[in-house]
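Worksheet: one structure, shown below.
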Amino acid sequence: MSDSKKLGKSIEDISYLFLSPSGEDSSEPDDSGQQEEKSTSILETPIKSICMVGGEFSFLDAFLVINLSLALARLGMRIAVVDLEPERPCLNFFLGTDGQKEDSNNMNTVIKEGPLGVKLISLNTSALTELSNTAKNSKLISQLNKIEEDVDLILVNVMQRNLMNMHELLPEQIREFLVLTYPDKNKMIESYRTMKMISQRNPLTKIGVVVAEVDHMYEIDAVYDKMSGAVRKFLDKELYKGGFLFKIKQDLDVNATIASFYDADLTACISNIAQIVVLRLNLGENIVSKEAFFKKMIGGFNAQRKL
Amino acid sequence: MTTIFRKAQIDRDKLRDVILKNPGDIQSELGFIDFQFGTAEEGVIDFLGVDSTGRLVIINFDTKENDELLVTALSQMRWLKKNENLVKRVFFSENVDFNQDPLILLICPGFSRKLISAAKELSGHDLRFVQFQYVISDAQDAILFEDIFSQQKPEIEDLPMQNIESLKPPTILEEVKVTDNSIVDTTVELTEISPEQEEIISLTQQEIAEFMDFDKILEEKQTSD
């Protein structure tokens, strides 16, 4: 079974992907014939991307994005995570702050490779400033373009408060947003504000809700019903259920990394979210133009700086 | 001597006269600016009034229990908003404050439990249900008005302090690259962006009010679980 066909699988086939042992889900092609088929599929299938919009709790956002990327990678998808946050929470969660400092003088710190071939790209303002000097960093830009060609899905991580700034930079290709929402009316209002901004920018964008910090199951429907009701009423838009995350029960260490923090309940929740993402991708609703993702983002940043 | 009254059915014209002549008994400082106000596709508004704050009051009544009154009044309110310029021209001399959302006031001999339950979900609207009882004796008749349900949408100033805080635009931090060449680390300083630089998405009071009953919904769901 080729990787390229996994994105086009039917709903019935999804169960097979989840039931199969992870060892069988190698993201590497087995032979050169499959490699050829993969290259063809990249040309035929434009890049897909989902923007994960977190709340105020950057650790949880990073936890969700990184674990979701790994869950999707286990399903055979080739994933790139683009972290737009100034403090690079995804990079910290992947490497720990010490690991990040070790090669902080190396521009390649922008691109890291994690387990299961997941590419992690930190594109905060500093990184974008560096990248905007194309003469100096043409190699890095071509690396990004290569990643863009190779991956099936780009997961973009940004928090609500920074989305206001970064929104103009996000390429038009992003037609799918997953917004983290909490069972708290004030935080829901902020999530709604984010959805309004997303919707105003592009009314065709699909928006999903991930209900986080869930204590009781009834909170999930309550949050979803309230959010979808408001969005339907005022923005004339339908939300979709993106899944949920239980509240983290452990005492949190701000330096927690993927190696030091594990929560079985949350991991199960993330598997569920991954399943929803795969189903959404199969719907083909967010397939858009082939215009280069990173080129657009860096170009947008340059244009904004000139203003 | 005690007068004995019996419940009786009031006819529509008589009830209209009673209401028209006694607006203050329906709502204090209520004044009528029009009655039988046609809204074309949404039917006729029985009375249009203005309260002491200048808020428009849509008053519909019926001589029997009628759940449809609320739906009709809501659609009429929508019509008034849609045709705001026309309504402003018609009532320009009536000191109507069109910045306020209208109050819907329904008058009926009874309101179903289902209607009141549905109305509680409409937290973004000002609603008032008044029940009446018409009674007659051999020599005279009387009508008793009684408030059954009243709901005001939360105003910004009514919101708890924590909500007010949430309405303020969030502080957005922008990264500034450190220019000191002696520092090799890519540590960044954070400086606040001025409000002028922010792209603030403002929310209307109705949008905010939509979320104000969430705690109650959670409580109800917790109880039912």
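Values in this text are rule-based calculations from the coordinates and carry no lab data. Just so it is clear, the model here is predicted, and its values are computed rather than measured. Neighbour counts are summed over all protein chains in view; Cβ atoms, including those assigned to glycine, are modelled from backbone coordinates with ideal geometry.
Among A:LYS226/B:LYS64; A:LYS187/B:LYS88; A:LYS185/A:LYS237; A:LYS226/B:LYS114; A:LYS146/A:LYS241, which pairs are too far apart, with a Cα-Cα distance over 28 Å? If you can, show how the numbers build up before the last one.
Values: A:LYS226/B:LYS64 34 Å; A:LYS187/B:LYS88 37 Å; A:LYS185/A:LYS237 20 Å; A:LYS226/B:LYS114 20 Å; A:LYS146/A:LYS241 33 Å.
In this structure, A:LYS226/B:LYS64; A:LYS187/B:LYS88; A:LYS146/A:LYS241 exceed 28 Å between Cα atoms.
How high is the FRET efficiency between A:GLU113 and B:GLN152 when r is their beta carbon distance and R₀ equals 51 Å, given to the nearest 0.05?
On the way: r = 58 Å, r/R0 = 1.13.
E between A:GLU113 and B:GLN152, to the nearest 0.05, is 0.30.
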**Asked** What does the charge add up to near B:PHE129, with Lys and Arg as +1, Asp and Glu as -1, over the other residues with Cβ less than 15 Å from its Cβ?
**Response** -4
**Request:** Only residues of the stretch B:57-80 count here: report those whose backbone N is under 18 Å from the spot 7 Å along Cα→Cβ of B:SER112, or say none.
**Result:** B:61-75
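Between B:ARG12 and A:ARG201, what FRET efficiency follows from the Cβ-Cβ distance if R0 is 45 Å, with the result rounded to 0.05? All intermediate terms of the calculation are to be shown ahead of the outcome.
Working: r = 52 Å, r/R0 = 1.16.
FRET efficiency, B:ARG12 to A:ARG201: 0.30.
Extension gain B:ASN83-B:PHE145, at 0.36 nm per residue separation less the Cα-Cα distance, in nm? Can you show the working numbers first?
Values: separation 62, 0.36 × 62 = 22.32 nm, distance 3.21 nm.
Using 0.36 nm per residue and subtracting the Cα-Cα distance, I get 19.1 nm.
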**Message:** Please compute the modelled spin-label separation between B:ASP97 and A:LYS247, points set 7 Å along Cα→Cβ, answer in nm with one decimal.
**Reply:** 4.1
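Let me check I've understood the local charge: for B:VAL44, count other residues with C-beta under 14 angstrom from its C-beta, Lys and Arg +1, Asp and Glu -1. What total comes out? Please report the intermediate quantities before stating the final value.
Numbers: positive: B:ARG12, B:ARG16; negative: B:ASP34, B:GLU41, B:GLU42, B:ASP46, B:ASP62, B:GLU68.
Its environment carries a net charge of -4.
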**Complete:** Residues whose built amide H sits under 5 Å from the amide H of A:MET159, excluding neighbours closer than 5 in sequence, are A:GLY54
**Prompt:** Counting Lys +1, Arg +1, Asp -1, Glu -1, what net charge surrounds A:ALA230 among other residues with beta carbon under 9 Å of its beta carbon?
**Reply:** +1
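Loop-only trypsin sites (Lys or Arg not before Pro) in the stretch B:61-163, please: DSSP not H, G, I, E or B, and at most 11 other Cβ atoms within 10 Å.
Details: sites: B:LYS64, B:ARG78, B:LYS81, B:LYS82, B:LYS88, B:ARG89, B:ARG113, B:LYS114, B:LYS120, B:ARG128; in loops: B:LYS64.
Those that pass, being in a loop and sparsely packed, are B:LYS64.
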**Request:** For the pairs B:LYS81/B:LYS216; A:LYS233/B:LYS82; A:LYS206/A:LYS233, note any where the Cα-Cα span goes beyond 21 Å.
**Result:** B:LYS81/B:LYS216
**Prompt:** B:MET1 versus A:ASN272, label points 7 Å from Cα toward the beta carbon: distance in nm?
**Reply:** 7.5
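For the stretch B:106-155, state which chymotrypsin sites (Phe, Trp or Tyr not before Pro) are in a DSSP loop and have at most 10 other beta carbons lying within 10 Å of their beta carbon. Provide the component values of the computation, followed by the final result.
Working: sites: B:PHE111, B:PHE129, B:PHE132, B:TYR134, B:PHE145, B:PHE149; in loops: B:PHE111.
Here no chymotrypsin sites (Phe, Trp or Tyr not before Pro) fit, given the DSSP loop and packing criteria.
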**Message:** Can you compute the label reach from B:SER137? Point 7 Å from Cα along the Cβ direction, backbone N cut-off under 16 Å, restricted to the stretch B:1-35.
**Reply:** B:1-8
**Prompt:** Relative contact order for the stretch B:6-153 using alpha-carbon pairs under 8 Å, separation at least 6, rounded to a whole percent?
**Reply:** 21
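When you look at the Cβ of every residue in B:210-217, what mean number of other chain Cβ atoms sits within 10 Å? Walk me through the intermediate numbers first.
On the way: counts 11, 12, 2, 2, 11, 3, 1, 8.
Mean inter-chain Cβ contacts per residue within 10 Å come to 6.
Summarise the partner chain shielding of A:181-191 as one whole number: the mean count of Cβ atoms from other chains within 10 Å of each residue's Cβ. Don't skip to the end; give the middle numbers.
Values: counts 0, 0, 3, 6, 13, 11, 2, 4, 10, 4, 1.
Taking the mean over all residues of the peptide, I get 5.
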**Complete:** Any residue on another chain or 5+ positions along whose placed amide H is under 5 Å from the amide H of A:VAL214 is listed here as A:LEU245, A:PHE246, A:LYS247
